[in-house]
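Below: the structure, in structure tokens.
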Amino acid sequence: MNQPVKKPGPLESLTALLSRAARRVEPVVGQTPHEVVWRENKWKLMRFAPAVPKYRTPILLVPSLINRWYVLDLGRGRSLIEWLVAQGHVVYCIDWGTPGDEDRYLTWDDIGGSYVGRAVRLAARETGKTHVLGYCLGGTIATAYVASHPEGVASLLALAAPIDFDRAGIMALWTRTPGFELGPLVDAFGNVPWRLMQASFKMLRPTLPATKAVSLLDRAWDDEFLESFMASEKWGNDNISFPGACYAQYIQELYRENRLVHGTFSVLGKPAKLSAITCPVLAIAFVHDNIVPVDAARPLIDLVGSRDKQLVVENGGHVGAVISRKAVTRLWPAMSTFWAQRD
Amino acid sequence: MSKLWDTWKTGFATWEATTAQYLEKVMSTPAVLQPAATMMTAVMKTKAKADRAMTSWWALWGLSTRSDQERSLHKLNQLESKILDLQEVISQLSQPSRPSGPSTRK
């Protein structure tokens, strides 16, 4: 008679964790082969291409300004970029780099106008158009850019992107609290330190460290889970400080005045009206996202002028849903199909 | 062991969901947010004042301050971007048939 297979538990997980700690293994991230096609100030543009592209229109990825780009390339088998390239897409991705002290004067126009504009033109150089994907704050930046400068953009995919800041949850409450003054914060630090921002994100779910510890104890015996966990922890603790002037504008004009929704935001002097977006638009939001609630992401679809528009609400959280094993079977194919059908 | 662990996990999940919900409510109240914001602003103002005092003292000696250097570097970066913009326009004017876009800069 066969013995029932014993499910590994916390003891096996502890053993695996200790063994990994002893070997001092660092997760390998951002390893998909690429060439750097542009460098300017601290940012650069990377190009990832299959040997034989299957699709004509490239995809430009605009990551969040305060997180590293490699959340989209989190190691073999967990990388959205690697997967897209394997499907035959040519992918460009912005790496914002690390702002120096002098970058405290960079404004939204510099970053979300000049830099993103250059990235769009570079990506669209061969074919005249590029798909644009913005993730999180990168989605807000991409949306504002496309609304003000639609040239060269084939489609917009806003992935967990905050658009309506009246519905942006506790972060909106915090930034609108009387007594929270932007001037002294930017004066004191120049660039707003990522540790300060990370602390406010942790405030969103103070029990998260305990949940992570339990899931580690439960699953660390699984090499693939452990590798993925370590990679996402590395990413989660490797953030970027926010250029001061841009941060002040972001909080004042978007979080407090909700200008993108009211149609009063502008990029490089051009109005960024969501109704001016007429290219195909896909907005993806996540049910358990406590950083960008579904209600903050949904209004993009209500307000754009496009006829070809769609909102997809998936299970999962802000980061987990984008890098989990399930993403490979549901989210990533949905994104690829969106682009393939509009190639 | 496995059954015990599974039971504990279920209990933990229930506790976590309830606690997180409760904490979110507490964190969202003005009673928590307002004092936190006021305290943070006060600390920032003190730091900014101390920095300004140090800068003024430094400038008294006719030396370039940290802020002067940051401004100069920023201006240089802005200048570089403007030159790149110009190069892009010139390249577009010289090759009007090609889709617009800068050439690579590695």
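Taking chain A as a Gaussian network of alpha-carbon nodes connected by springs under 10 Å, the highest mean-square fluctuation of the residues A:37, A:71, A:29 belongs to A:37.
Of the trypsin sites (Lys or Arg not before Pro) found in the stretch A:95-140, no site is in coil according to DSSP while having at most 13 other Cβ atoms within 10 Å of its Cβ. Heavy-atom accessible area with a 1.4 Å probe sorts A:201, A:225, largest first, into A:201, A:225.
Direction-averaged shadow area of the convex hull around the Cα atoms of the stretch A:10-340, nm²? Mind dumping the intermediate values first?
On the way: hull surface 65.8 nm².
Seen from a random direction, the Cα hull of the stretch A:10-340 projects 16.4 nm² on average.
Do any chymotrypsin sites (Phe, Trp or Tyr not before Pro) in the stretch A:279-343 lie in a loop, going by DSSP, with at most 15 other beta-carbon atoms within 10 Å of their beta carbon, and if so which?
Those that pass, being in a loop and sparsely packed, number zero.
Given in Å, the Rg to one decimal and the Dmax to the nearest whole number for the Cα atoms of the stretch A:45-148 are 13.8, 43. Using a Gaussian network model of chain B in which every pair of alpha carbons under 10 angstrom is joined by a spring, one finds that among B:67, B:81, B:94 the greatest mean-square fluctuation is at B:94. Its DSSP H runs of at least 4 residues, each contributing -39,500 (n - 2.57), put the calculated 222 nm mean residue ellipticity of the protein assembly as shown at -15000 deg cm²/dmol, to the nearest 500. Pairs of C-alpha atoms in the stretch A:213-290 farther apart than 20 Å represent 62 percent of all such pairs.
In terms of accessible area, using a 1.4 Å probe and ignoring ligands and nucleic acids, B:86, A:185 rank largest first as B:86, A:185. Spacing of the modelled spin labels on residue A:340 and residue B:49, each 7 Å from Cα toward Cβ, amounts to 6.3 nm.
Rolling a 1.4 Å probe across all protein chains gives residue A:32 an accessible area of roughly 20 Å².
Value of Rg to Rh for the stretch A:1-88, rounded to two decimals, is 1.17; Kirkwood radius and Rg both from alpha-carbon coordinates. For residue B:38 and residue A:215, a Förster radius of 35 Å and the Cβ-Cβ distance give a FRET efficiency of 0.45, rounded to the nearest 0.05.
What ranking of B:89, A:153 comes out by heavy-atom accessible area, probe 1.4 Å, highest first? Present the calculation step by step, with values, prior to reporting the outcome.
Values: B:89 80, A:153 5 Å².
The residues order as B:89, A:153, largest area first.
Can you tell me the FRET efficiency between residue A:76 and residue B:13 if r is taken as the Cβ-Cβ distance and R0 is 30 Å, rounded to the nearest 0.05? That gives a FRET efficiency of 0.45. Across all C-alpha atoms in the stretch A:130-259, the radius of gyration and Dmax reach 17.7, 50 Å. The angle between the Cα long axis of helix B:66-94 and the main principal axis of chain B comes to about 70°, on a 0 to 90 degree scale. When the Cα convex hull of chain B is projected onto planes of every orientation, the mean area is 17.5 nm².
Ligands, DNA and RNA excluded, the heavy atoms of residue A:291 present near 40 Å² of accessible surface to a 1.4 Å solvent probe. Buried area at the B:A interface is about 4400 square angstrom, summed over both chains, from accessible surfaces computed with a 1.4 angstrom probe. Label-point separation (nm) for residue B:94 and residue A:196, each offset 7 Å from Cα along Cα-to-Cβ? For the pair residue B:94/residue A:196, the computed spacing is 4.6 nm. Only one residue of A:200, A:58, A:85 has its Cα farthest out toward the positive end of the dipole of the protein assembly as shown, where Lys and Arg carry +1 and Asp and Glu -1 on Cβ, and that residue is A:85.
Estimate the FRET efficiency between residue A:262 and residue B:63 by the formula 1/(1 + (r/R0)^6), using the beta-carbon distance for r and 56 Å for R0, to the nearest 0.05. Provide the component values of the computation, followed by the final result.
Numbers: r = 46 Å, r/R0 = 0.82.
The computed FRET efficiency comes out at 0.75.
How crowded by other chains is A:182-192, given as the mean number of beta carbons from other chains within 10 Å of each beta carbon? Can you show the working numbers first?
Details: counts 2, 4, 10, 7, 2, 7, 11, 4, 4, 0, 0.
Mean partner shielding for this stretch: 5.
Taking 7 Å steps out from each Cα toward its Cβ at residue A:51 and residue A:12 produces label points 3.8 nm apart.
The values are calculated or read from the model by the stated rules, or taken from the named source; none is laboratory data. In this text, all values refer to a predicted model and were calculated from it rather than measured experimentally. Counting neighbours? That spans all protein chains shown, and the Cβs are built from the backbone with ideal geometry, glycine included. SASA here: full protein model, heavy atoms, side chains in, ligands and nucleic acids out. Shrake-Rupley method; radii C 1.70, N 1.55, O 1.52, S 1.80 Å.
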